[in-house]
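Here, each number is a calculation from the coordinates, and none is a lab measurement. These numbers come from a predicted model, not from an experiment. Here the Cβ is made from the backbone with ideal geometry for all residues, glycine too, and neighbour counts use every protein chain on show.
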Amino acid sequence: MHIEKYICESLVGTLLNINGKTKDGVNSRRDLQALGIRHELHVKECGNRLFLPATPHMLSKVLKGYVRNRARQEGCIAECYLADECMQFCSKYLPQIADVGNKDDRNQDVVYGSVVE
């Protein structure tokens, strides 16, 4: 049980990029460089500063905003993303329904790219 807990905690810390919990740092990137693998992830030096390129497993800030329950993050992200996509679809493709929170078009005489006369 403890092994599962630590592995899960490590994965969540790495995916959400929590300070002190992530194992994706300068030392691990230099290990990749020493092994000669994953060249796109090597540390880049810009003057006196070190730059760590983004990794494929890092979540964007938009997806991090969807996470409410860090223990079950996959479900939260999928649920919130699906709800957001449904709202965008309904507001764009169902124009006869009055929507709340979306502004009206500036040009009322233009409907779907064609000028109304």
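For the reader, a short list of remarks on this structure follows.
- By the beta-carbon count within 10 Å of each Cβ, the least crowded to most crowded order of 2, 42, fewest first, is 2, 42.
- For the stretch 1-41, the pair-distance distribution built from all alpha carbon pairs, in bins 10 Å wide starting at 0, is 28, 39, 29, 4 percent.
- If the chain linking residue 5 and residue 84 were pulled fully straight, counting 0.36 nm for each residue of separation and taking away their Cα-Cα distance, it would gain 25.3 nm.
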